[in-house]
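**Q** Before we start, here is the structure in question, set down as structure tokens.
Nothing in this text is a laboratory measurement; each read-out follows from the coordinates by a stated rule. Just so we're clear, the structure is a prediction, and the values are computed from it rather than from any experiment. Here the Cβ positions follow ideal geometry from the backbone for every residue, glycine too, while neighbour counts run over all protein chains shown.
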Amino acid sequence: MEIILCTSEKIEVMNWKESNELNYRTSRLSENNITNPHEAIDLFFSNFSLSDCRQHLWELYRGWVMSERSKNGDHADLLFFYMQIEMLAEAAWLIHNKNKNDYKI
């Protein structure tokens, strides 16, 4: 099976294997995290506070928008992605802290 990849510069034809290698990669979750995803959330929030997460996410978003590559692009998708990831981080934080009384976001 061939996949047709259209870019503004050219049209490329990729085979199924190339497409899978480009679009899919091995999960970063360890075996423990796959059976108990709360461990991955706990590990994340042991390294980053919710405030840290928001700050790093904002820096990534700002970098994407300011990059040469995206200057001619529509930033609505990036903004939507940013907002959804921030919401996901907040939900994960609530899951991480569900046994605590500190729910201030």
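**Q** Loop-only check: which trypsin sites (Lys or Arg not before Pro) in the range 29-93 are DSSP coil with at most 12 other Cβ within 10 angstrom?
**A** K71
**Q** Also, I was wondering about something else. Using 0.36 nm per residue, how much length does the chain from L94 to S49 gain when fully extended, once their Cα-Cα distance is taken away?
**A** Stretched out fully, the L94 to S49 stretch lengthens by 15.0 nm.
**Q** For each of E39, E31, count neighbouring Cβ atoms within 10 Å of the residue's Cβ, then give the residues from fewest to most.
**A** E31, E39
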